[in-house]
Structures are given as C-alpha cells and as structure tokens.
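The values are calculated or read from the model by the stated rules, or taken from the named source; none is laboratory data. Note that the structure is predicted; figures quoted are calculated from it, not measured. Backbone-built Cβ (ideal geometry, glycine too); neighbour counts: all protein chains shown. The accessibility values were calculated without ligands, DNA or RNA, using every heavy atom of the protein model including side chains. Shrake-Rupley method; radii C 1.70, N 1.55, O 1.52, S 1.80 Å.
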Amino acid sequence: MYKYILIVLSVFILLSCSKTNEESKMIPIEKPTSDKPENIILLIGDGMGLAQITAARTATNNQLNMLRCDCVGIQSTHAADKYVTDSGASATAMACGEKTNYYTVGVDTDGNPLTSIIELAGNYGLQTGILTTSTIVHATPAAFFAHHTNRFAYEDIALQLTQRNVDFFMGGGKLYFDQRTDGLNLIDSLLAKNYEVVENLDQVSGNKKTAVFIANNDPQRYAWGRGDVLGNSLESALSIFNKNEKGFFIMVEGAQIDWAGEENDQNYLLAEMLDFDRAVGIAIDFAEADGNTLVIITGDHETGGYALLDGNLNSNSVEGGFLTNQHTASMIPVFAIGPGAKEFMGVYENSEIFYKMKSLLGFK
C-alpha cells in the first residue's frame with residue numbers, strides 16, 4: 001500500500017508541474033476585481049469527510065490543493081426525513097436551498113419542483129457547467145438540473161437534461177440517452193439543440209454547447225484508466241466560459257470518493273481524492289489569476305465511517321479503517337477562496353450554501 005500511495009503521489013506531482021497548450025488557453029482575461037464574484041466553481045467530493053481529506057493530505061505531503069483556501073466552515077448534511085442523508089437530498093439542499101426527502105432530487109418534501117442555482121444562473125445569462133466522474137444522471141449532478149421524487153429514474157432525468165440550458169456537461173451514462181426503453185434517441189435531441197456531442201475532450205471545438213459522454217454507463221475508476229478527464233474537462237469549460245462577460249457557474253463532482261467508501265477500499269479512495277484535488281487546484285489557480293471567481297469545495301456527506309488508525313509522515317502513508325459501507329451523518333467541512341469566501345465560514349445547514357451563492361451572485 002505504501003508503494004501505491006507513493007506512485008500516485010509522484011504521478012500527481014508530475015501532472016501539477018506540467019503545463020499543456022490546453023492549460024494555456026484557459027488563462028483568465030484580466031478583469032477588475034470586486035468583493036462579489038462574477039463566477040462560482042462549486043466542487044463536491046461525494047462522500048468526502050475530514051478523515052478522507054486528512055488521508056489525502058498525508059499522501060500529498062501536505063500539498064493538498066483544497067488546503068490553500070483561507071476560509072473554512074462546517075455544514076450539516078441531514079435530510080428532511082432522515083438523519084443520515086443520501087446524495088440526492090444533500091445535493092438538492094446545496095443546489096436548491098431546501099432540505100428534502102431521501103432519494104429525491106430537485107424537489108421539496110411534497111414533490112414540488114425547486115429552482116436550482118444552475119437554473120437561476122442560466123436565467124441571468126451566466127454560462128453553466130456540470131462535470132462528474134459518475135453518470136451525468138446520477139443523484140448529485142441531477143439535483144442541479146432535474147426535478148424528480150425518485151433519484152433512480154435515470155431515463156426521466158436524462159430527458160430533463162435535454163430540456164435544460166446547461167452549456168457544458170461531462171459524465172458517463174450515455175446509454176440513458178441512446179439506448180432507452182422508450183425508444184427515444186436523446187442524442188438527436190441534443191444535436192437539434194445545437195449541442196456538440198463527443199466522447200473525448202480533444203473533439204470539443206468550444207463553438208457550441210457541449211455534451212461529453214466519457215462512458216456508456218459508469219465511468220472507470222481513476223486507477224483503472226479513467227485518466228484526468230475531471231480536471232481536463234474543467235480546463236475546457238473554463239477556456240470557453242472565460243469569454244462570457246456575464247460570468248459562469250460550474251459544479252464539479254468527484255463522485256467515486258463515495259463509491260470507494262462504500263467498498264471500504266482505501267487505495268481506491270486515495271486515488272479518487274487526488275484526482276478530485278487536481279480539479280480543485282485547477283479551479284483555485286484560475287480563481288487566483290482571475291480575481292472575480294469564487295471557489296467552494298465541500299462534500300455532500302461522509303461515506304464509510306472512515307477513520308485514520310495510524311500513519312507515517314515520512315513515507316506519506318496512512319492506515320485507515322471503515323465502520324460501515326454506508327453513509328454517515330458527520331458534519332462536513334466547506335473550504336472557500338475568492339470574492340465572498342468569508343460568507344462560508346461558521347457552522348450552518350447545507351441548504352445555506354445555496355443562499356450564500358445566490359446572494360453573492362446578486363440573484364433575486
């Protein structure tokens with residue numbers, strides 16, 4: 001295990017030190033700074049609690065990007081009807097500003113649709129993006145664009161995505177668009193709405209709305225060959241959105257941190273944490289150069305009851321254990337940097353994240 005952690009660390013150090021042509025394209029256009037952001041990048045580590053962060057901090061020799069943030073808060077994750085939440089209810093609280101029921105997305109406790117921060121941003125002329133290492137119709141991304149009392153109604157949720165105005169999305173789950181039980185081909189629907197539909201970021205032209213399907217169903221683990229698609233897709237979106245005078249809102253999810261916790265697999269967990277943190281670093285680098293971008297990093301809940309039993313700072317290794325293969329009710333840290341970051345200090349419910357973002361962007 002120690003060798004594995006050192007190999008992963010070495011790969012990420014090499015990646016962070018290299019500058020590609022694509023990275024140079026996303027250098028922000030200089031704009032006057034203010035105390036309120038024009039843009040927000042919200043990064044959600046699904047299943048990421050303090051122990052997961054501490055393990056990743058140890059593995060990176062205290063070089064974890066999210067720890068560059070100067071403002072830290074704590075959010076409570078419980079659902080409206082359960083003490084231990086699921087991703088649908090917790091993501092809905094952050095996306096829409098209301099605690100809701102377990103296994104629902106984008107609706108209140110009575111099943112009525114809620115307006116998400118992504119929908120509001122689109123109404124105000126901001127460009128919007130949703131990026132995930134899960135399927136694009138999974139609970140966390142779905143909470144930002146869909147309204148359904150069943151988070152597992154993937155075909156219905158895919159149909160709703162084609163009816164929204166998300167400018168750039170990336171994830172797996174292509175089969176819910178073109179291999180449906182109702183016979184519809186939603187890829188054709190996206191093309192009719194002037195989307196560029198691709199399976200590789202190299203195919204993105206930046207001249208149209210963009211749908212990137214990285215897998216037919218669930219994307220691979222990072223360690224099994226998924227590659228740096230999460231961070232690279234954020235770079236692609238930033239290079240496109242940076243040209244929009246009205247700003248942008250992007251939600252980035254490191255989804256498989258949660259899956260690793262459910263499998264009680266520490267190696268899987270660390271690889272996914274480091275992949276997520278690379279995207280965090282890209283977001284913070286952009287925000288620091290831009291001056292008008294707020295970056296928020298948090299989790300939706302903790303998964304696995306992960307605990308650190310021992311470790312070694314000299315070898316950057318940890319020995320962790322798991323209490324369960326389910327979610328837990330632990331409170332979750334919130335890191336923020338950029339204009340408005342101080343608003344995320346303190347202790348609050350996860351639903352307050354929506355109102356803080358909405359107020360900072362000047363939405364009514």
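Here are the numbers for the structure shown:
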{"quantity": "Under-5 Å amide H pairs with His327, H placed in peptide plane, nonlocal only", "calculated": "Gly304"}
{"quantity": "Heavy-atom surface of region 150-273, accessible at 1.4 Å and reported per residue (Å²)", "calculated": "39 Å²"}
{"quantity": "Portion, in percent, of the accessible area of region 92-151 that falls on carbon or sulfur, probe 1.4 Å", "calculated": "40 percent"}
{"quantity": "Among Val197, Val280, Val107, residue whose mean-square fluctuation peaks in a GNM of the chain (springs only between Cα atoms under 10 Å)", "calculated": "Val197"}
{"quantity": "Value of relative contact order over region 211-364, rounded to a whole percent, pairs C-alpha under 8 Å and six or more apart", "calculated": "19 percent"}
{"quantity": "Efficiency of FRET between Thr324 and Asn194 - r from beta-carbon atoms, R0 41 angstrom, step 0.05", "calculated": "0.35"}
{"quantity": "Of the chymotrypsin sites (Phe, Trp or Tyr not before Pro) in region 142-220, those whose Cβ has at most 15 other Cβ within 10 Å and which sit in DSSP loop", "calculated": "Phe152"}
{"quantity": "Apportionment of accessible area to carbon and sulfur, region 311-364, percent (1.4 Å)", "calculated": "50 percent"}
{"quantity": "DSSP bridge pairs, the chain: antiparallel proportion in percent, nearest 5", "calculated": "35 percent"}
{"quantity": "Simple spin-label estimate for Asp218 and Arg68 in nanometres, 7 Å along Cα-Cβ", "calculated": "3.1 nm"}
{"quantity": "Length-normalised contact order for region 119-232 - Cα pairs under 8 Å, 6+ apart - percent", "calculated": "26 percent"}
{"quantity": "Relative contact order %, the chain, counting alpha carbon pairs below 8 Å whose residues are six or more apart", "calculated": "31 percent"}
{"quantity": "Derived scalar couplings ³J(HN,Hα) [region 293-310; Karplus, 6.51 cos²θ - 1.76 cosθ + 1.60; whole Hz; x for Gly, Pro]", "calculated": "10, 9, 10, 10, 10, 7, x, 9, 4, 9, 10, x, x, 5, 9, 9, 8, 6"}
{"quantity": "Choice from Lys82, Lys99, Lys174 showing the highest fluctuation, given a GNM over the chain with Cα pairs closer than 10 Å", "calculated": "Lys82"}
{"quantity": "Cut-off under 5 Å, modelled amide H: who pairs with Cys71 long-range", "calculated": "Ala336"}
{"quantity": "Over 25 Å between alpha carbons, listed pairs Lys99/Lys209; Lys82/Lys174; Lys36/Lys364; Lys174/Lys208; Lys246/Lys358; Lys82/Lys364", "calculated": "Lys99/Lys209; Lys82/Lys174; Lys82/Lys364"}
